[in-house]
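All remarks here apply to the structure that follows.
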Amino acid sequence: FKQALATTTKAMSADRDVEVGFGNDVGSDGETITLRPPPQQLDPVVAARIRGEADAVALRRA
């Protein structure tokens, strides 16, 4: 899930040089997009919420 999320976020941002990482401070600054790390047990609702956050951050950079 993390690899797919990072790859999709990078593609949606339209910035091939951006780095995507995971941490508690969700957002974008300079060359880095930081996403919320998914929990160990990922249910569909939480996965959709994390994906939505990632899409929003990526689209703000596009």
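For segment 39-52, filtering for residues that are more than 15 Å from Thr8 (Cα to Cα) and either in contact (Cβ under 8 Å) with a residue 24 or more places away in the chain or among the hydrophobic types (A, V, I, L, M, F, W, C) (or both) leaves 3.
With the requirement that a residue be exposed (fewer than 10 other Cβ atoms within 10 Å of the Cβ) and within 8 Å of the chain's Cα centre (by Cα), what does segment 31-55 give you? The answer is none; no residue qualifies. Against the test of being in contact (Cβ under 8 Å) with a residue 12 or more places away in the chain and more than 8 Å from the chain's Cα centre (by Cα), the options Asp25, Asp15 yield a single qualifying residue, Asp15. Counting only strands (runs of 3 or more DSSP E) wholly contained in the chain, the ones carrying 1 or more residues that are charged (D, E, K, R) and modelled with pLDDT under 95 occupy 27-29.
The values are calculated or read from the model by the stated rules, or taken from the named source; none is laboratory data. Note that the structure is a prediction, hence the values are computed from the model and not measured. No Cβ is skipped: glycine too gets one built from the backbone with ideal geometry, and neighbour counts run over all protein chains shown.
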